[in-house]
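Chemist: What follows is a structure written as structure tokens; I'll ask about it next.
Read-outs throughout are calculated quantities, based only on the coordinates presented, and are distinct from any laboratory measurement. Keep in mind the model is a prediction, meaning the values are calculated, not measured. Heads up, the Cβs are rebuilt from the backbone with ideal geometry, glycines too, and the neighbour counts pull from every protein chain shown.
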Ligand code: SAH
Ligand code: SF4
């Protein structure tokens, strides 16, 4: 059957969609890129904010109206449960985030409507990848036990579970054998790897580098796999920014000089209410510890504006923290109450116009700061992994440096363009807030 997966939400969803594609292809189905060619369309949904959920559910509704066989997967399914069929009465099937591995079986059975919210098929999905490409996401930790006050992720993605290190290492080896050069290790809080359950078995050999923490030890093991030139991970938490982690950054050149460290707020009062388990000062100390390794280390973050009770003073504390931390990039979210979370019991008292204003202020700050940070790189040489022609201008090539910054440069005339996954040295000639402009050496 010809099928297509549409993905909303985070990188974890991108990874889950890829796993479904791989399992469907293995079951003999054909992946197509145009919706009109697809007989089956699967929508992978997000529910982290109300708007995100509405988009995905709305998309599924349109597909149903267009007469496609339609499946919904991902976080919104788990939140809605059986209600998903009152929202979408003609939906063919719905599977929660840990049940995506069942999709080929559900399609083969052909008994609709069907709802699966369990964990059957999870391990199969976790290790399935589509062949091709130089980059791959690898999920190392599923679920989350942090229970930040505003967040629905623990309800929909379930308890935290670290995949065994042996399984992860075997998966990365197989990816490297297929030509993958960059892996991005995924989890809601990857520095908690091996905390809720042991990731390293009793029979695993001791770490040659003497790492005792599970995550740095995993970095060491992956850095030892031939062919893997870059290792990224997301998301991190300040509590995991230990000396051992810093040592792993220093010792393994494959570990990219980038850390995504969501801060959410710069106000201690709001951070405490959110249950983030760090103060502003602790957060800034973690950033300083990591940047001590390398002042050019790229630090990116997530911030929520308009959290219940967020005053102008709290907001200004967030602004000043963002300047002090010197974020290279930031993702700003307007607070959205999620049913059943602790903060949803509080009045959502920052008006929408004010949330929007705060959002715009932080975006403008980030433009200025991004430009300042990027300007420091002018004149340096970046090692860039080629992604392909630039989206805006096809005569240019685009790729990313180790800090995950986008670098764009003119493709040299008369030479074959470097392939996706090739590494080239590019001299940075100019800087924009979100992009670096380069010249090939
Ligand atoms: N596990 C990651 C974040 C996962 S959710 C971490 O803790 O680092 C991605 C981002 O969505 C969060 O960092 C937060 O900024 C935002 N977010 C989560 N719940 C939200 C809500 N209810 N309203 C607005 N933004 C939210
Ligand atoms: Fe949500 Fe907090 Fe878990 Fe991140 S760490 S997924 S914000 S509960």
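Chemist: Relative contact order (percent) for segment 128-374, with alpha-carbon contacts under 8 angstrom and 6 or more residues of separation? Each step should come with its number before you reach the end.
Modeler: On the way: 418 pairs, mean separation 42.0, N = 247.
Relative contact order of segment 128-374: 17 percent.
Chemist: I'd like to compare 345-355, 397-407, 82-92: which one has the highest average count of other Cβ atoms within 10 Å, and what's the full order after that? Before the final figure, lay out the partial values.
Modeler: Working: 345-355: 13.2, 397-407: 22.3, 82-92: 15.6.
My ranking of the peptides, most packed first, is 397-407, 82-92, 345-355.
Chemist: When you count, for each residue, the other Cβ atoms within 10 Å and take the mean per peptide, how do 118-124, 312-318 rank with the highest first?
Modeler: Values: 118-124: 15.3, 312-318: 17.3.
Final packing ranking: 312-318, 118-124.
Chemist: Please report, in cubic angstrom per residue, the volume enclosed by the convex hull of the alpha-carbon atoms of segment 177-239.
Modeler: Details: hull volume 6.9 nm³, N = 63.
Spread over its residues, the Cα hull of segment 177-239 gives 109 Å³ apiece.
Chemist: If you take the alpha carbon radius of gyration of segment 25-98 and divide it by 2.2 N^0.38 Å, what ratio comes out, to two decimals?
Modeler: On the way: Rg = 12.2 Å, N = 74, 2.2 N^0.38 = 11.3 Å.
Relative to the rule-of-thumb radius for its length, segment 25-98 sits at 1.08.
Chemist: Can you classify the chain as rounded, prolate or oblate using the Cα gyration tensor, where a ≥ b ≥ c are the square roots of its eigenvalues, rounded means a/c under 1.5, and otherwise it's prolate if a/b beats b/c and oblate if not? Intermediate values should be presented prior to the final figure.
Modeler: Details: a/c = 1.34, a/b = 1.13, b/c = 1.18.
Rounded, because the longest to shortest axis ratio a/c is under 1.5.
Chemist: Treat the count of other C-beta atoms within 10 Å as a stand-in for reagent exposure and order 283, 8 from fewest to most. If you can, show how the numbers build up before the last one.
Modeler: On the way: 283 27, 8 22.
Arranged by neighbour count, lowest to highest, 283, 8 become 8, 283.
Chemist: When the gyration tensor of segment 128-374 is built from Cα positions, what are the square roots of 5 times its three eigenvalues, in whole Å, from largest to smallest?
Modeler: 33, 20, 17
Chemist: Moving on to the next point. Based on the Cα gyration tensor of segment 302-441, what are the three equivalent ellipsoid semi-axes, each the root of five times an eigenvalue, rounded to whole Å and given largest first?
Modeler: 39, 16, 11
Chemist: Next question. Can you give me the relative contact order of the chain as a percent, contacts being Cα pairs under 8 Å and 6 or more apart?
Modeler: This gives 10 percent for the chain.
Chemist: Express as a percent, rounded to the nearest 5, the fraction of DSSP beta bridges in the chain (both residues included) that run antiparallel.
Modeler: On the way: 21 of 65 bridges.
Bridges in the chain are about 30 percent antiparallel.
Chemist: How do the peptides 411-423, 94-106 rank, highest first, by the average count of neighbouring beta carbon atoms within 10 Å per residue?
Modeler: 94-106, 411-423
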